[in-house]
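Peer 1: Just dropping this structure here.
Every number in this text was worked out from the coordinates using simple rules, so none of it is lab data. All figures in this text were calculated on a predicted structure; none of them were measured in a lab. Note that each Cβ is placed from the backbone with ideal geometry, even for glycine, and that neighbours are counted across all protein chains shown.
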Amino acid sequence: MARKIIIDTDPGQDDAVAILLALASPELELLGITCVAGNVPLPLTSKNARIVCELANRPDMRVFAGCDAPLARPLVTAEHVHGKTGLDGMDLPDPIMALQEQHAVDFLIETLRTEPEGAITLVPIGPLTNIATAIQRAPDIIPRIREIVLMGGGYFEGGNITPTAEFNIYVDPEAAKIVFGAGVPMVVMPLDVTHKALTSRARVEAFRNAGRVGPAVASWTDFFERFDKEKYGSEGAPLHDPCTIAYLLKPDLFTGRHINVEIETESDLTLGMTVADWWRVTRRAPNATFMGGINDAGFFDLLTERLSRL
Ligand code: BDR
Ligand code: CA
């Protein structure tokens with residue numbers, strides 16, 4: 001039986017690839033896509049998610065708009081990486097499919113309450129505002145969540161929006177603190193992993209030839225590569241968010257440690273840092289499997305093969 005997931009997202013080109021990978025994979029049943037403000041404001045993330053569904057010929061997918069600002073701070077966005085639409089690259093048509101009327105947080109709560117306990121995996125690949133709001137408003141859903149598999153944080157790699165913070169956690173650190181403290185089994189794909197999942201010319205050309213959606217995917221990676229190559233001085237750019245879906249499909253592609261991870265919410269200097277007790281030097285209880293390694297060739301092979309099915 002397919003594993004039931006909900007993707008919580010702020011598309012974003014790499015979010016878009018994660019959504020396509022999920023839609024291309026029969027092992028996963030995507031119950032809905034919940035959108036949050038992050039890379040760009042909510043009206044754009046909830047539009048981009050629908051553009052991606054229509055690109056995949058899935059106008060039947062339910063897309064929900066959620067929180068338009070972090071719990072306790074003004075929104076920080078990342079147009080400098082993703083472009084002014086959030087999905088710059090190939091021009092794609094505006095979506096015809098409608099947004100669902102229900103708020104994303106209500107959908108999360110209702111679905112977790114109605115589906116059997118332990119059936120649903122949440123896959124957050126943007127700031128954690130929607131997930132934290134659902135947990136705060138309806139704590140009864142906590143034991144009903146099978147697992148949270150998220151992209152966020154960084155430890156040995158440091159940060160990408162400040163020297164110590166990764167974007168998703170930095171945008172809403174209070175939300176991240178709630179989620180990491182909820183007691184739900186968690187798998188975290190930090191920058192330590194995603195900075196090893198780098199595109200290259202050959203990998204982007206393989207995307208371009210990967211069936212109907214391939215040219216759009218290649219245009220997205222071409223777009224954000226421009227920024228990342230200059231920033232990191234690397235041949236390619238990290239493809240962050242699809243690591244979560246790849247983990248659900250092939251967990252053996254990744255290695256990590258079950259450790260304690262706490263979120264910094266007070267220091268101006270290190271706000272949003274994921275303080276990962278990798279060497280287990282505290283007695284704080286483990287709360288997450290924090291990944292550190294990836295078989296990047298296997299990851300790109302999986303991605304290209306799946307995208308070509310769409
Ligand atoms: C994360 O931030 C966003 O810009 C990407 O979509 C990804 O989720 C990487 O730090
Ligand atoms: Ca994202």
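Peer 1: How many residues does the range 225-242 hold that are outside any helix (DSSP H, G or I) and surrounded by fewer than 24 Cβ atoms within 10 Å (Cβ to Cβ)?
Peer 2: Within the range 225-242, residues that are outside any helix (DSSP H, G or I) and surrounded by fewer than 24 Cβ atoms within 10 Å (Cβ to Cβ) number 5.
Peer 1: Take I19 and decide whether it is buried (at least 22 other Cβ atoms within 10 Å of the Cβ), within 17 Å of the chain's Cα centre (by Cα), part of a strand (DSSP E or B) and within 16 Å of ligand 2 (Cβ to nearest atom).
Peer 2: No, not satisfied.
Conditions (1) free of Cβ contacts under 8 Å to residues at least 40 places away in the same chain; (2) in contact with a Pro (Cβ under 9 Å, 6 or more places away or on another chain); (3) among the basic types (K, R), marked per residue:
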{"site": "I5", "(1), (2), (3)": "no, no, no"}
{"site": "G12", "(1), (2), (3)": "no, no, no"}
{"site": "V17", "(1), (2), (3)": "no, yes, no"}
{"site": "L21", "(1), (2), (3)": "no, yes, no"}
{"site": "E27", "(1), (2), (3)": "no, no, no"}
{"site": "L30", "(1), (2), (3)": "yes, no, no"}
{"site": "G38", "(1), (2), (3)": "no, yes, no"}
{"site": "L42", "(1), (2), (3)": "yes, no, no"}
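Peer 1: So which helices (runs of 4 or more DSSP H) stay within the range 98-173 end to end and still have 3 or more residues that are free of Cβ contacts under 8 Å to residues at least 60 places away in the same chain and within 16 Å of ligand 2 (Cβ to nearest atom)?
Peer 2: none
Peer 1: Answer yes if at least one residue in the range 53-66 is within 15 Å of ligand 1 (Cβ to nearest atom) and within 16 Å of the chain's Cα centre (by Cα), and no otherwise.
Peer 2: So far as the range 53-66 goes, no, none of its residues is within 15 Å of ligand 1 (Cβ to nearest atom) and within 16 Å of the chain's Cα centre (by Cα).
Peer 1: With respect to the numbered conditions (1) closer than 27 Å to E305 by Cα; (2) within 16 Å of ligand 1 (Cβ to nearest atom), which one is the sole condition not fulfilled by V76?
Peer 2: Condition not satisfied by V76: (1).
Conditions tested, residue by residue: (1) basic (K, R); (2) away from ligand 1 (no atom under 16 Å from the Cβ).
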{"site": "R137", "(1), (2)": "yes, yes"}
{"site": "D140", "(1), (2)": "no, yes"}
{"site": "R144", "(1), (2)": "yes, yes"}
{"site": "Y155", "(1), (2)": "no, no"}
{"site": "I178", "(1), (2)": "no, yes"}
{"site": "G183", "(1), (2)": "no, yes"}
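Peer 1: Looking only at residues in the range 43-88 that are among the small types (G, A, S) and in a helix (DSSP H, G or I), which one is surrounded by the fewest Cβ atoms within 10 Å (Cβ to Cβ)?
Peer 2: Among them, the one singled out is S46.
Peer 1: Taking the residues in the range 22-42 that are in a loop (DSSP other than H, G, I, E, B) and either surrounded by 24 or more Cβ atoms within 10 Å (Cβ to Cβ) or hydrophobic (A, V, I, L, M, F, W, C) (or both) as candidates, determine which candidate is nearest to ligand 1 (Cβ to nearest atom).
Peer 2: So the residue we want is N39.
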